[in-house]
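Input: a single structure, listed below in structure tokens.
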Amino acid sequence: MTMDLFYDVFESSLKKTGEELCGDKVKILKEAGKTMIVLSDGLGSGVKANILATLTTEIVMTMLHNEIPLEEIIRTILGTLPTCQVRNLAYATFTVVAIDERNKTFQVMNVDNPPFFHIRGGKVLRHETQTSVILGKQVTAYEGPVEKGDFLGIMSDGILYAGLGDTLNYGWGWENIAVFLEDVFQKPVGCASEAVRPVMDQTERLYGGKLGDDATFVGTLARESSTLNIFTGPPLDRDSQDFYIHQFLNTTGRKVICGGTTANLVAHALGRTVETRTSEHSKDVPPPGALEGIDLVTEGIITLSRTLELIKKDAPRMDHNGKGTNAAVLLAAEMMQADHIRFLVGQSVNPYYQNPLLPKNISIRTNLVGMIATELRQYRKSVEVTLC
């Protein structure tokens, strides 16, 4: 059986000190078995650089979406963007990463940005890139396979030259960053942010908190896909309850139940009982429960409402066994740690929360799940909602 890989992408930018906008721009698109990333660095800094970088990323991503070959995309960009007459430089540099998830291969094409990083087994791989000249501009390219645990990193030159003339005579430099990343990967790295954030923290330290240029780092980690299944609300048709419970219990991935009635239905099917964790008390969120075979059990409407607020505000990322946290925080963490989230939403209405005579499409539970799904998709998560 072929292992399903998920390409976790995380980006982080620091703007030049004194500027309102960052002159670097990143655009990420996941669709139909592909992960595509574009990083552009606009010439200079501030508003003008931001506009140029945004224009570049939008053109590139639109063409990638329409399956235009990378070489033709680069030819279009180089033929579209003007060149600075004084410095003889393109008004925006850019790097494109295209990952074919089905074939587990990737392509990188780079125009005037620093070289990319490819880490496997805790070591930076040294690749021989292909070099070509398109419309008088040198373009470097590489393509190869992706394996579980591989990390691809691309950056703007604000990271490459961090500390230039201050803490370091010649800036941080590609080789030193490579050594730094290898050190990061000596410990298990579970998501792309765990590799990107240390690089950005070190960049800020090298600049002494006063950035002389915009700095951006984007990382992609190929890891095993994680799925979260959430069952909330009893099915509308009582005769179909056993079917949906069986479906929920036999799906792969972590399992969460939101709602006391739903939890009791599942517990009955399992021949077990739901216990309440009274020690984890919160003023505004009912305590979580415990049911053998289920990873998390929470109350329904109130907990889902609070979880929506948390995702909008904080997008928390915590351990499954975080202490001193309420049920909403635990539920939000489950959602943020998952790549694919499946909601099974029962349409049976609890009269305690609303008039059962109201149409199902204005159910509080259904609307809450819909809003949570919208927020989760903003984080490039795959979300599926099934009503029952």
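This model, with +1 at the C-beta of Lys and Arg and -1 at the C-beta of Asp and Glu, gives the stretch 120-251 a dipole about its Cα centre of some 180 debye.
Of the GluC sites (Glu not before Pro) in the stretch 1-85, the ones in a loop by DSSP (not H, G, I, E or B) with at most 12 other beta carbons within 10 Å are Glu20, Glu67.
Note on Thr273 and Ile364: with the Förster distance fixed at 35 Å, the Cβ-Cβ geometry gives a FRET efficiency of about 0.80. Relative contact order of the chain, taken over Cα pairs closer than 8 Å and 6 or more residues apart, is 14 percent. A cut-off of 5 Å between modelled amide H atoms, ignoring neighbours fewer than 5 places along the same chain, links Asn229 with Arg254, Lys255, Val256, Arg342. For Asp213, the residues whose modelled amide H falls within less than 5 Å of its own, excluding neighbours fewer than 5 places apart on the same chain, are Thr17. Rg/Rh for the stretch 1-51 (Cα atoms only, Rh after Kirkwood) is 1.18.
In units of the compact-protein estimate 2.2 N^0.38 Å, the stretch 1-86 shows a Cα radius of gyration of 1.28. Normalising the Debye intensity of the stretch 5-223 to I(0), with uniform scatterers on Cα atoms only, and taking log10 at q = 0.14 Å⁻¹ returns -0.84.
Leu14 sits among other residues whose Cβ lies under 15 Å from its own Cβ, and their net charge, with Lys and Arg +1 and Asp and Glu -1, is -4.
A cut-off under 14 angstrom between Cβ atoms defines the neighbours of Pro198, and their net charge, with Lys, Arg +1 and Asp, Glu -1, is -2. In this structure the amide hydrogen of Leu164, modeled in the peptide plane, comes within under 5 Å of the amide hydrogens of Gly171, Trp172, none closer than 5 places in sequence on its chain. Calculated [222 nm] ellipticity per residue, helices only, for the chain: -9500 deg cm²/dmol; basis is -39500 (n - 2.57) per DSSP H run with n ≥ 4, divided by all residues, nearest 500. As a calculated quantity, the FRET efficiency between Lys48 and Asp284 at R0 = 51 Å, using C-beta atoms, amounts to about 0.65. Of all the options Ser348, Ser226, Ser45, the one that moves most in a Gaussian network model of the chain with Cα springs shorter than 10 angstrom is Ser348.
Screening the chain for DSSP H helices whose Cα atoms reach 24 Å or more along their own axis and whose mean Kyte hydropathy is at least 0.5 gives 46-65. Taking a point 7 angstrom from the Cα of Thr17 along the C-beta vector, which residues in the stretch 207-233 have backbone N less than 15 Å away? Taking a point 7 Å out along Cα→Cβ of Thr17, the residues of the stretch 207-233 whose backbone N falls under 15 Å are 207-215. Per-residue Karplus couplings for the stretch 17-29, computed as 6.51 cos²θ - 1.76 cosθ + 1.60 with θ equal to phi - 60°, are listed in order as 4, x, 9, 7, 10, 7, x, 9, 9, 10, 10, 10, 9 Hz, Gly and Pro entered as x.
A compact globular protein would have a Cα radius of gyration near 2.2 N^0.38 Å; the ratio found for the stretch 124-274 is 1.68. Think of each Lys and Arg Cβ as +1 and each Asp and Glu Cβ as -1; about the Cα centre, that makes the dipole of the stretch 5-223 roughly 80 debye. Using 0.36 nm per residue and subtracting the Cα-Cα separation, the extra length available between Arg120 and Phe243 on full extension is 39.9 nm. For Gln378 and Lys312, the difference between the fully extended length at 0.36 nm per residue and the C-alpha to C-alpha distance is 22.8 nm.
Along the charge dipole of the chain, pointing to its positive end and built from +1/-1 on Cβ of Lys, Arg, Asp and Glu, which listed residue (Val329, Ser348, Met36) has its Cα farthest out? Checking the options against the dipole of the chain, the answer is Ser348.
Here the scattering of the chain is modelled by Debye summation over its C-alpha atoms, one equal scatterer each and no solvent; at q = 0.07 Å⁻¹ the log10 of I(q)/I(0) is -0.40. Per-residue extension of 0.36 nm, minus the Cα-Cα distance of Thr76 and Asp100, leaves a gain of 6.4 nm for this segment.
Shown is the FRET efficiency for Gln138 and Met371, computed with R0 = 51 Å from the Cβ-Cβ distance and rounded to the nearest 0.05: 0.60. Placing unit charges on the Cβ atoms of the charged side chains and taking the dipole of the stretch 1-158 about its Cα centre, the candidate lying farthest along the positive direction among Gly144, Phe6, Ile154 is Ile154. Candidate cross-link partners of Lys30 among the aspartates and glutamates, defined by an alpha-carbon separation under 17 Å and a same-chain spacing of 8 or more, comprise Asp4, Asp8, Glu11, Glu58, Glu67, Asp100, Glu101, Glu224, Asp339, Glu375, Glu384.
Using a Gaussian network model on the chain with a 10 Å cutoff between Cα atoms, which of Ala32, Ala332, Ala290 fluctuates the most? Per the Cα network of the chain with a 10 Å cutoff, Ala32 tops the list.
Charge tally for Val383 (other residues, Cβ to Cβ under 11 Å; Lys, Arg +1; Asp, Glu -1): +1.
Taken together, the values in this text are just the output of simple stated rules run on the coordinates, not laboratory data. On a predicted model such as this, the values are computed, not experimentally measured, just so you know. Counting neighbours? That spans all protein chains shown, and the Cβs are built from the backbone with ideal geometry, glycine included.
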